[in-house]
Amino acid sequence: MTDFQFKHIALSVGDLDRQRDFYASALGFAEELARIEIPEMQTRLLILRNPAGVEIELVEYAESIASPRVGLSEVARRQGYFSWALTVSDLERAFEMVVAAGAIAVSTPRDAGRPGVRFAYVQDPEGNFIELLQFCGAESGN
């Protein structure tokens, strides 16, 4: 069988520079691939990577349409993309840090309903949901 490994998540964004700045300051991502511009498609993109190797591809189409902002429960009822998650060692500290850097607080840190797992949700400046997960004790997140 072929080995499949997760490579990256791609987000269509309205403001490439603002999203790049947010992901750099709030979550420690840096440009992995220099900005690519495709004039005939009116598109700009770049790939960001954090120290753990997680990658995000930000794609800005000139005529993209912003999705309406809805709450977490509304997004959960829709089929398709819901959120993406990052594990952290200190959930409260990480939550405070990303909110201070411009994330929108959605749900504060809380127990996940299974032993040793806690979570919180935030949104990036364009409304994409990010789950922060902390695995405590015997749980390992990997």
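Some notes on this structure:
- Selection within the stretch 58-69 - part of a loop (DSSP other than H, G, I, E, B), in contact (Cβ under 8 Å) with a residue 40 or more places away in the chain and among the charged types (D, E, K, R): 69
- Those residues of the stretch 43-57 which are among the basic types (Lys, Arg) and either in a loop (DSSP other than H, G, I, E, B) or touching a residue at least 24 places away in the same chain (Cβ under 8 Å) (or both), in sequence order: 44
- Within the stretch 47-86, the residues that satisfy the criterion of being within 19 Å of residue 24 (Cβ to Cβ) and of a type in the set (Val, Ile, Thr) are 47, 54, 56, 59.
- Counting only residues that are surrounded by fewer than 16 Cβ atoms within 10 Å (Cβ to Cβ), among the polar types (S, T, N, Q) and either in the same structural domain as residue 95 (by TED's automatic domain parsing) or within 14 Å of residue 126 (Cβ to Cβ) (or both), the stretch 15-31 holds 0 of them.
- Scanning the stretch 108-140 for residues being modelled with pLDDT of 95 or more and of a type in the set (Ser, Thr, Tyr) gives a total of 2.
- Tally, over the stretch 99-142, of residues that are farther than 22 Å from residue 69 by Cβ, among the hydrophobic types (A, V, I, L, M, F, W, C) and part of a strand (DSSP E or B): 3
- Figure legend. Inter-residue proximity from the stretch 70-95: first residues farther than 17 Å from residue 127 by Cα, second residues in a loop (DSSP other than H, G, I, E, B), beta-carbon distance below 6 Å, spacing 6+ or different chains. Indicated pairs: 87/141; 94/88.
- Test: residue 96 is outside any strand (DSSP E or B), among the acidic types (Asp, Glu), within 29 Å of residue 137 (Cα to Cα) and touching a strand residue (DSSP E or B) at 6+ places or on another chain (Cβ under 7 Å): no
- Tally, over the stretch 1-11, of residues that are within 12 Å of the chain's Cα centre (by Cα) and free of Cβ contacts under 8 Å to residues at least 60 places away in the same chain: 2
- Restricting 123, 42 to those that are assigned by TED's automatic domain parsing to the domain that holds residue 13, polar (S, T, N, Q) and in contact with a strand residue (DSSP E or B) (Cβ under 9 Å, 6 or more places away or on another chain) reduces the list to 42.
- The residue list 114, 69, 44 contains one member that is touching an Asp or Glu at 6+ places or on another chain (Cβ under 6 Å) and among the basic types (Lys, Arg), which is 44.
The values are calculated or read from the model by the stated rules, or taken from the named source; none is laboratory data. Owing to the predicted nature of the structure, the values given are computational and were not obtained by experimental measurement. Using ideal geometry, Cβ is built from the backbone for each residue, glycine included, and neighbour counts are taken over all protein chains shown.
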